[in-house]
Amino acid sequence: VTAAPLGGRPSAEGLMELCVAPRGEFTYTGSKGREYFDLNTQRVVEAADLPQEQRELVDELHRRILALCSQPGNMKFLGIGSGLQRKFGEVTMARNDPAGTVPDPESRRFMAAVRAVKEELDPEGTTLDMHDTGTDMELFPRAAGREFDKGSGVEGLEEKLSLGIPLGPNIVCGDTGSDIFMVVSTLKLMCGEDMVKVWKERMKKEDEPIDERDPLDEDLGRVSSAALGLLEGNLGAGLSFAALSAGLTPSETGEEAEELLERRLREEAERRLREEEEEREAREAAASLAVLFVVSPKEHDKSPKLAETVRRWCEISGAQCAILPSPDVLVAAVGRYANQTAGRSVIEPTRAEPEEEEEREDEKEEDDATADKPAAAPLAPSPFGFGGGAAAGGA
């Protein structure tokens with residue numbers, strides 16, 4: 001799943017034109033999963049619907065930004081970083097590259113010019129959004145509800161193609177913050193959306209600042225006399241702290257109170273056991289997810305929380321995790337896994353079956369016998385100026 005264009009169409013180059021892996025081994029998707037290459041029809045298919053008015057808006061946006069790039073001083077932005085990319089439902093325009101080739105004032109000037117184009121098309125600011133990554137500007141139609149990200153793409157592709165993600169095992173590889181959405185959505189499909197919400201809420205609470213003050217120092221002094229009186233009255237009615245915490249009132253006394261307390265405590269214990277069992281099953285499912293995430297030292301200095309966020313999601317869910325220092329290490333790790341799984345090197349030709357070996361030997365003997373025969377007379381020169389052999393080969 002790449003945010004880049006998928007390509008696979010005339011005059012629209014992208015991932016399909018750059019990938020050297022054999023066709024049929026992978027499903028290629030572009031524009032964050034909005035489009036994919038269908039292996040059966042050998043065509044690019046749209047995984048997400050885009051209303052006609054939004055299509056026209058993106059087309060016009062691309063046309064105007066391309067015109068902006070043709071103006072003096074702007075042509076260089078077509079040749080740096082991502083350049084200008086027309087994606088499905090989005091336009092990406094570079095304003096710099098990771099090396100900072102363009103001086104910051106010039107980069108900001110161009111960003112302001114692109115923003116002006118956006119405002120010309122959307123003066124009310126209600127139909128277009130713009131996200132600046134620091135090097136690229138991503139412009140896309142504003143839609144109701146959740147913003148489309150790579151996680152949305154993973155979920156949509158599972159729905160369209162039945163990839164078997166919920167069953168696992170799965171490998172998720174990434175190298176930017178936007179790739180974390182793929183990890184989270186894969187966990188949703190494998191462990192259930194409710195459990196992922198529980199984990200997300202738990203991590204959110206862990207991030208909240210802890211009040212280090214002793215609650216007995218000041219808080220008890222602020223308890224009102226009315227609250228103390230209510231508490232004393234309830235205790236005087238024969239209700240214990242356990243009963244009060246279970247929600248019983250002074251009118252519920254004696255055997256009735258005991259039964260209610262016992263039932264509510266039992267229900268609470270059963271609820272906790274259910275939750276623990278559900279989480280155990282979810283973590284067991286997530287154990288078949290491997291997350292290989294590239295965070296280079298330079299990227300870590302730039303985004304110090306990226307690796308930590310990936311690790312926390314894996315730790316809380318039970319997924320396997322490896323933070324890698326470079327894409328080369330990632331490729332080597334995946335290659336070693338593929339070799340171990342296949343029991344051979346996956347980049348070398350497969351050994352032929354015995355029957356195929358015999359056929360090749362027979363063909364070789366026939367070729368050797370043919371080579372021993374007298375050579376045929378050379379062909380006449382071609383009227384097109386080529387040697388006879390070249391003309392015959394061309395034919």
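Let me know the charge dipole size of segment 29-134 about its Cα centre in debye, to the nearest 20, where only the beta-carbon of Lys, Arg (+1) and Asp, Glu (-1) is charged.
My answer is approximately 440 debye.
Which entries in the list Lys160/Lys200; Lys87/Lys160; Lys160/Lys204; Lys160/Lys302; Lys150/Lys302 go over 25 Å, if you measure between the two C-alpha atoms of each?
From Lys160/Lys200; Lys87/Lys160; Lys160/Lys204; Lys160/Lys302; Lys150/Lys302, over 25 Å: Lys160/Lys200; Lys160/Lys204; Lys160/Lys302.
How high is the FRET efficiency between Val45 and Glu262 when r is their beta carbon distance and R₀ equals 51 Å, given to the nearest 0.05?
E(calc), rounded to 0.05, equals 0.30.
Would you rank Ile65, Ile171, Ile180 by solvent-accessible area, highest first, keeping every protein chain in place and using a 1.4 Å probe?
Ile171, Ile180, Ile65
How many nm is it between the label spots at Glu147 and Arg283, if each spot is 7 Å from the Cα in line with the beta carbon?
Label-label distance for Glu147 and Arg283, simple model: 3.3 nm.
Sort 29-41, 105-117, 332-344, 70-82 for me by packing, meaning the mean count of neighbouring Cβ atoms within 10 Å per residue, highest on top.
Top to bottom by mean Cβ count within 10 Å: 29-41, 105-117, 70-82, 332-344.
Working with all protein chains in place, sort Val196, Val1 by solvent-accessible area computed with a 1.4 Å probe, largest first.
Per-residue accessible area, sorted high to low, gives Val1, Val196.
The values are calculated or read from the model by the stated rules, or taken from the named source; none is laboratory data. Treat the numbers as computed from the prediction; the structure is a model and nothing was measured. We place every Cβ from the backbone using ideal geometry, glycine too, and count neighbours over all the protein chains shown. The accessibility values were calculated without ligands, DNA or RNA, using every heavy atom of the protein model including side chains. Shrake-Rupley method; radii C 1.70, N 1.55, O 1.52, S 1.80 Å.
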